[in-house]
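Here is the structure we will look at.
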Amino acid sequence: QSALTQPPSASGSPGQSVTISCTGTSRDVGGYNYVSWYQQHPGKAPKLMIYEVNKRPSGVPDRFSGSKSGNTASLTVSGLQAEDEADYYCNSYAGSNILVFGTGTKVTVL
Amino acid sequence: QVQLQESGPGLVKPSETLSLTCAVSGHSISSAYYWGWIRQSPGKGLEWIVSVYYTGSTYYNPSLKRRITTSRDTSKNQFSLNLSSVTAADTAIYYCARQGLSYQYFYDFDVWGQGALVTVSS
């Protein structure tokens with residue numbers, strides 16, 4: 001099981017939107033609606049932002065949204081704020097009780 | 001409020017076994033959910049290691065399976081990870097986490113410990 005592919009970096013100005021892609025295969029992202037997204041600030045543990053493709057845990061702002069098309073999942077952050085600057089990782093079920101993470105994307109708020 | 005806290009040696013010699021424990025408060029590990037381990041090598045991405053269901057069923061990252069053993073101490077409400085035959089490539093921050101929001105629980109990590117840095121070096 002190879003890591004899911006994410007762009008190394010993404011950026012946007014405050015108030016703008018940024019979308020991060022997470023590309024896998026039909027054996028993981030494309031095969032199941034079990035994609036989750038995590039935000040990680042430097043020196044901190046990851047935080048769950050989206051689960052089951054597009055569901056937000058309690059307390060996560062609705063500026064964060066998830067979607068999926070084919071073998072690619074996406075996380076969109078709308079109305080960018082300085083505090084959104086962080087690393088973001090996707091994760092997908094890959095069948096046979098296996099989970100796989102993405103390579104990670106560093107989001108910069110310009 | 002569920003909280004998780006990793007503990008264990010911060011330095012392990014090559015070829016030896018890395019041992020970490022995750023103490024859980026706020027929920028019994030024997031009543032529900034999966035409880036997992038994830039690691040992050042310095043400056044790198046996240047890697048899922050293993051997940052243990054509250055019943056004891058265990059699921060492994062295939063690339064690490066042959067070196068992993070897990071255990072649980074329900075009286076202390078904690079679970080543990082042993083990784084054998086370590087090399088410098090196993091140097092990482094090791095996180096324990098609850099898997100608990102998705103249908104059937106397995107598919108996401110909703111509560112994380114703060115992480116424990118383990119360095120493999122002689």
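All of the numbers you see were taken from the coordinates with simple rules; none came from a lab. The shown structure was predicted, so the numbers you read here are calculated from the model rather than taken from an experiment. Every residue, glycine among them, receives a Cβ derived from its backbone with ideal geometry; neighbour counts consider all protein chains shown.
Figures for the structure shown
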quantity: Rel. contact order, % - alpha carbon contacts under 8 angstrom, at least six apart, chain A; calculated: 38
quantity: Shielding by partners - mean other protein chain Cβ count within 10 Å, residues of B:49-55; calculated: 1
quantity: Average Cα contact separation per residue, chain B, under 8 Å, 6 or more apart, as relative contact order %; calculated: 35
quantity: Distance (nanometres) between label positions extended 7 Å along Cα→Cβ at residue B:58 and residue B:25; calculated: 2.7
quantity: Partner lysines for residue B:76 [C-alpha distance under 29 Å; skip if fewer than 8 residues away on the same chain]; calculated: A:44, A:47, B:13, B:65
quantity: Debye, to nearest 20: dipole size of the stretch A:20-81, +1 on Lys, Arg Cβ, -1 on Asp, Glu Cβ; calculated: 100
quantity: Where N is the number of residues in the protein assembly as shown, Cα Rg divided by 2.2 N^0.38 Å; calculated: 0.99
quantity: Cα centroid of the stretch B:46-122 to Cα centroid of the stretch A:36-53, whole Å; calculated: 17
quantity: Cα-based Kirkwood hydrodynamic radius, the stretch B:38-122, one decimal, Å; calculated: 13.8
quantity: Gained length - residue A:13 relative to residue A:85, 0.36 nm times residue gap less alpha-carbon distance; calculated: 24.9 nm
quantity: Hydrodynamic radius by Kirkwood, which averages 1/r over all alpha carbon pairs of the stretch A:32-110, in angstrom; calculated: 13.0
quantity: For A:34-44, mean number of other protein chain Cβ atoms within 10 Å; calculated: 3
quantity: Peptide-level mean, for B:101-109, of C-beta atoms on other protein chains within 10 Å; calculated: 6
quantity: Space enclosed by the convex hull of the alpha-carbon atoms of the stretch B:1-85, per residue, Å³; calculated: 109
quantity: Rg over Rh [alpha-carbon atoms, Kirkwood Rh] for the stretch A:39-80; calculated: 0.99
quantity: FRET E, pair residue A:76, residue B:103, Förster distance 22 Å, beta-carbon r, rounded to 0.05; calculated: 0.40
quantity: Estimated FRET transfer efficiency when R0 is 22 angstrom, pair residue B:66-residue B:13 (beta carbons, to 0.05); calculated: 0.65
quantity: About the Cα centre, charge dipole magnitude for chain A (Lys/Arg +1, Asp/Glu -1 at Cβ), debye; calculated: 140
quantity: Charged-residue dipole, Cβ positions (Lys, Arg, Asp, Glu), the protein assembly as shown about Cα centre, Debye nearest 20; calculated: 340
quantity: Förster-model FRET efficiency, 30 Å R0, residue B:41 and residue A:97, C-beta, rounded to 0.05; calculated: 0.80
